[in-house]
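The structure under discussion appears below in the form of structure tokens.
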Amino acid sequence: MAAEPTTRELRELVAEYEFERGHLIPALIEIQERYGYVSRVAIEVLARQMSTTPALVYGAVSFYADFRTEPPPEREIVWCSGPACRLLGGDRIREALQYTLDLPLDGQSEDGTYGLRLGQCNGTCSEAPQVWLDGEVVGNLTIAKAVTIARDVKGDA
Ligand code: FES
């Protein structure tokens with residue numbers, strides 16, 4: 001997990017970005033790629049760089065599901081909420097994951113070791129229903145496979 005970024009590091013990272021040139025989203029992407037999430041400090045630094053308000057920056061962060069405001073867990077299951085996956089039983093798989101992990105969607109364990117996140121279709125629908133386990137597609141899921149994956153992530157395998 002990446003360390004909490006310092007204000008100085010963040011200022012250097014976003015120094016070339018300008019709001020008028022449509023750089024808000026690219027700047028947020030760079031921050032998240034570097035640190036794994038967009039912290040409160042990052043939002044404040046970026047707002048100052050862009051001569052706008054933290055509320056506006058936070059609005060963009062919260063609008064796009066891919067941005068995080070907390071450090072990511074060590075292991076993560078991303079559940080695909082797209083139509084093909086749901087048509088093929090994705091909601092039952094989500095329920096099994098939530099029950100086994102004892103987490104809500106977009107929740108993570110108190111110690112930060114594992115989490116469950118809402119995802120959007122990434123175009124690999126031929127493998128529906130699916131999740132992304134630590135960034136890798138695990139497709140053609142059954143409820144039994146989903147429970148096995150969740151137990152493994154949780155350390156109960
Ligand atoms: S709907 Fe799940 S990958 Fe497309």
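The values are calculated or read from the model by the stated rules, or taken from the named source; none is laboratory data. In this text, all values refer to a predicted model and were calculated from it rather than measured experimentally. For neighbour counting, all protein chains shown are included, and Cβ atoms are generated from backbone atoms with ideal geometry for every residue, glycine included.
Table: residues versus (1) at pLDDT 95 or above; (2) on the phi > 0 side of the Ramachandran plot.
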site: Pro5; (1), (2): no, no
site: Glu9; (1), (2): no, no
site: Gly36; (1), (2): no, yes
site: Ser51; (1), (2): no, yes
site: Phe63; (1), (2): no, no
site: Phe67; (1), (2): no, no
site: Pro72; (1), (2): no, no
site: Glu76; (1), (2): yes, no
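Of the residues that sit in the range 60-81 and are over 28 Å from Asp156 (Cβ atoms) and small (Gly, Ala, Ser), which one is surrounded by the fewest Cβ atoms within 10 Å (Cβ to Cβ)?
Among those that are over 28 Å from Asp156 (Cβ atoms) and small (Gly, Ala, Ser), it is Ser62.
Would it be correct to say that Ile25 is part of a helix (DSSP H, G or I), under 24 Å from Tyr114 (Cβ atoms) and not assigned by TED's automatic domain parsing to the domain that holds Thr124?
no
Do we find that Val45 is modelled with pLDDT of 95 or more, touching a Ser or Thr at 6+ places or on another chain (Cβ under 7 Å) and not basic (Lys, Arg) in this structure?
Taking the combined requirement at face value, the residue satisfies it.
Filter the range 108-131 down to residues that are surrounded by fewer than 15 Cβ atoms within 10 Å (Cβ to Cβ) and either touching a Cys at 6+ places or on another chain (Cβ under 8 Å) or not acidic (Asp, Glu) (or both), then give me how many there are.
Number satisfying all stated conditions: 7.
Wholly within the range 44-147, which strands (runs of 3 or more DSSP E) include no fewer than the required count, namely at least 1 residues that are within 16 Å of the ligand (Cβ to nearest atom) and touching a residue at least 24 places away in the same chain (Cβ under 8 Å)?
The strands (runs of 3 or more DSSP E) meeting that bar are 75-80, 114-119, 131-133.
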